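J.: Take a look at the following structure, please.
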Amino acid sequence: MNRNHPSIISRRRFLQTAALTTAAAHFAPLSLFAQAPDPIAQMRAGGITAKITTQKLRGNVSILMGSGGNIAVLPGPEGKLLVDTGFSTSRPQITEALLAISADPIQHLIDTHWHLDHTDGNEWMHSAGATIIAHQRTLQRLSTPQEIAAFGAHFPPSPAGALPTKTFTDSHTITTNGATLILTHYDPAHTDTDISIHFADADILHCGDTWFNGAYPFIDYSTGGHINGMIRATERNLATGTDNTILIPGHGPVGNKTQLAADHQMLVTLRDSIAALKKQGKSIDEVLAAKPTAQFDPTYGKGFVNGETFTRLVFQGV
């Protein structure tokens with residue numbers, strides 16, 4: 001696949017779309033987001049006016065973009081299977097987009113991890129008939145109060161109807177609508193709850209938030225994330241499927257392994273350079289002054305996490 005292929009949304013168009021929907025939640029520096037009086041309300045408010053874009057991939061799989069993380073959709077006579085939910089406040093737009101794909105009811109919902117922008121619609125999708133499937137740690141996180149220090153945000157337990165009803169530890173296979181999906185848990189990476197979903201027949205891999213295509217990733221150390229885990233997750237994503245695997249990131253345009261390999265190199269380079277500075281005894285302020293991300297900022301620094309914030313995240317983990 002090529003970055004300029006007409007079926008792939010350009011990074012500029014993605015950023016413009018996302019800015020209309022969840023700008024403060026996803027594309028403002030974390031320092032600004034943490035200053036919001038109610039980060040959760042701010043995220044959900046962005047979902048009210050979210051504009052949902054549908055992109056058809058292959059093997060009858062589509063994605064919905066514009067509210068929270070990228071939502072994968074597999075319709076069929078056994079009911080729709082969805083990966084992630086977006087924000088609950090986007091229910092009208094998401095419902096309209098789903099009906100435009102097919103009239104099949106929602107039968108299965110897979111959570112890639114526990115974060116609100118991927119699970120906030122769990123309750124309404126469950127009420128619409130979805131069985132919610134996730135890693136057991138996602139159930140644990142959603143069932144108990146959580147904190148994300150980088151956001152300055154407290155998340156109360158989710159209501160009973162929003163909790164996964166089917167969980168697994170290492171891997172799980174689903175066969176529906178003539179397709180086989182392989183769900184696999186990552187080592188702690190973006191969080192300690194992350195899973196990938198490989199649509200084996202279509203050779204499509206939903207990476208969840210182990211990949212932010214075209215942007216520095218957020219690493220949630222508060223709930224088990226780690227820079228080394230992000231690198232290992234990237235390596236596993238590169239090893240899954242074939243050279244032609246379509247990659248669905250948690251955020252950003254649909255991509256391919258050439259793009260992911262470049263992002264892997266960025267992660268390794270910055271991990272190693274920031275670790276070396278820290279090993280020299282430099283403080284975080286001294287590391288920031290050295291501007292270790294400067295060569296990558298034009299490509300990756302215009303998203304949710306800017307160069308300074310990513311430096312702080314990496315410094316925390318090395």
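J.: Once whole DSSP H runs in the chain are found, which of them have Cα atoms spread over 24 Å or more along the helix axis and a mean Kyte-Doolittle score of at least -0.5?
T.: Helices passing the filter in the chain: 257-279.
J.: I want to verify the translational diffusion coefficient of region 228-275 in µm²/s; compute it with Stokes-Einstein, Rh as the Kirkwood radius over Cα pairs, at 10 °C and 1.306 mPa s.
T.: Translational D for this selection: 141 µm²/s.
J.: Extending each Cα 7 Å along its Cβ direction at THR165 and ALA262, get the distance between those two points in nm, one decimal.
T.: 4.4 nm
J.: Report the dimensions of region 25-177 along its three principal axes from the alpha-carbon atoms, largest first, rounded to Å.
T.: 46, 34, 25
J.: Once you charge only the Cβ atoms, +1 for Lys and Arg and -1 for Asp and Glu, what is the size of the charge dipole of region 197-254 about its Cα centre, to the nearest 20 debye?
T.: Dipole of region 197-254, to the nearest 20 debye: 160 debye.
J.: Cα convex hull of the chain: mean projected area in nm², to one decimal?
T.: 14.5 nm²
J.: Now for a different question. For the charge dipole of the chain, defined by +1 on Lys and Arg C-beta atoms and -1 on Asp and Glu C-beta atoms about the Cα centroid, which residue among SER196, GLY161, ILE106 has the Cα displaced farthest towards the positive pole?
T.: SER196
J.: Once every DSSP H run of n ≥ 4 in the chain is given -39500 (n - 2.57) and the sum is divided by its residues, what mean residue ellipticity at 222 nm do you get, rounded to the nearest 500 deg cm²/dmol?
T.: -10500 deg cm²/dmol
J.: Quote to one decimal, in nm, the extra length available between ASP187 and HIS154 on full extension: 0.36 nm per residue of separation minus the C-alpha distance between them.
T.: Using 0.36 nm per residue and subtracting the Cα-Cα distance, I get 9.5 nm.
J.: Something else about it: Only Lys, Arg, Asp and Glu count, each charged at its Cβ (+1, +1, -1, -1), so figure out the dipole size of region 119-271 about its Cα centre, rounded to 20 debye.
T.: That gives region 119-271 a dipole magnitude of about 100 debye.
J.: Treat each spin label as a single point 7 Å out from the Cα along the C-beta direction, and report the LEU238 to ALA294 distance in nm.
T.: Going from the LEU238 label point to the ALA294 one covers 2.6 nm.
J.: For region 90-165, compute the orientation-averaged projected area of the C-alpha convex hull (one quarter of its surface), in nm².
T.: The orientation-averaged projected area of the Cα hull of region 90-165 comes to 5.3 nm².
J.: Right, next: With charges set only on the Cβ (+1 for Lys and Arg, -1 for Asp and Glu), what does the dipole of the chain come to about its Cα centre, in debye to the nearest 20?
T.: Dipole magnitude for the chain comes out near 620 debye.
J.: Still on this structure, I have one more. Multiply the residue gap between TYR221 and GLU147 by 0.36 nm, knock off their C-alpha separation, and tell me the result in nm, one decimal place.
T.: 25.6 nm
J.: Which part of region 61-83 falls in the paramagnetic zone of THR176, meaning amide N under 14 Å from the point 7 Å along Cα-to-beta-carbon?
T.: Counting only backbone N, you get 61-62, 72-83.
J.: Can you work out the base-10 log of I(q)/I(0) for region 153-257 at q = 0.10, 0.13, 0.25 1/Å, using the Debye formula on its C-alpha atoms alone?
T.: -0.30, -0.51, -1.40
Just so you know, all these numbers are worked out from the coordinates, no wet-lab data involved. Worth saying up front: this structure is predicted, and the values here are computed from it rather than measured. Here the Cβ is made from the backbone with ideal geometry for all residues, glycine too, and neighbour counts use every protein chain on show.
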